[in-house]
Amino acid sequence: MDGVQPPPLRSLDDFLLSSARFAVPDVRDLDRWNNRIINNLLYYQSNYFLSGVLLLLLVGYFQPLQLFVGATVVTLLFLGFVWAAENQAPIRRFRRNHPTVAVLAILLCSYLFISVLGGVAVFLFGIAFPILMVLVHASMRLRSLKNKLENKLESIGLKRTPMGLLLEALGQEQEAGS
């Protein structure tokens, strides 16, 4: 993470308002559309992060308990799946040796999950809606000359940003800045 610097927030005028140019992407040219998304993700990453945090806080303001319960349930489910994947043999032995307890545990977990399903839905909406908004903006925002220059600096390694590292980890680095 040495040398990684977050890019500045882009002005609201550049991000959304009068100087921003938007167009529906050509869905027949997937490479060009992908290139537009990646470059906009790199250029507006600070704006996207701030927008996502604000939308999550907005959901948390209107449904704080549901958001907390949903986050807790999703985290526990994730940790449970990781734990189960690591301990497959002991779980299989327990199910074979104590089938009634295993079925009751499954029923209890199912009941608890269904009872907090509203909270899970609120949490997933709080996470998925900002991601959807970022992808829509990145898909439709046309690139400016400044955007192209910043992305070229990122792609040749003169600047390192958190989104650049994430895209690199996802195998998208060769297209960034094209």
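The values are calculated or read from the model by the stated rules, or taken from the named source; none is laboratory data. Model, not experiment: these values are computed from the prediction. With ideal geometry, Cβ positions are generated from the backbone for all residues, glycine too; neighbour counts draw on all protein chains shown. Note: accessible area is taken over every heavy atom of the protein model, side chains too, but ligands, DNA and RNA are not part of it. Shrake-Rupley method; radii C 1.70, N 1.55, O 1.52, S 1.80 Å.
Candidates Arg10, Arg36, Arg21: the one that is of a type in the set (D, E, K, R) and without any contact (Cβ under 8 Å) to a residue 60 or more places away in the chain is Arg10. With the structure loaded, tell me whether Leu149 is part of a helix (DSSP H, G or I), open to solvent by 90 Å² or more (accessible area, probe 1.4 Å) and at pLDDT 80 or above or whether it fails that test. No; evaluated as a whole, the condition is false for this residue.
Results for (1) under 17 Å from the mean Cα position of the chain (by Cα); (2) assigned to a helix (DSSP H, G or I); (3) under 30 Å from Gly164 (Cα atoms), shown as yes or no for each residue.
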position: Ser51; (1), (2), (3): yes, yes, yes
position: Leu55; (1), (2), (3): yes, yes, yes
position: Val59; (1), (2), (3): yes, yes, yes
position: Val74; (1), (2), (3): yes, yes, yes
position: Phe78; (1), (2), (3): yes, yes, yes
position: Val82; (1), (2), (3): no, yes, yes
position: Ala85; (1), (2), (3): no, yes, no
position: Pro90; (1), (2), (3): no, yes, no
position: Arg95; (1), (2), (3): no, yes, no
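For the stretch 55-75, the set of residues classified as aliphatic (A, V, I, L, M) and either more than 18 Å from Ile114 (Cβ to Cβ) or surrounded by 14 or more Cβ atoms within 10 Å (Cβ to Cβ) (or both) consists of Leu55, Leu56, Leu57, Leu58, Val59, Leu67, Val69, Ala71, Val73, Val74, listed by residue number.
Could you run through the stretch 99-132 and say how many residues are part of a helix (DSSP H, G or I), among the β-branched types (Val, Ile, Thr) and under 23 Å from Gln63 (Cβ atoms)? Residues that pass the stated criteria total 5.
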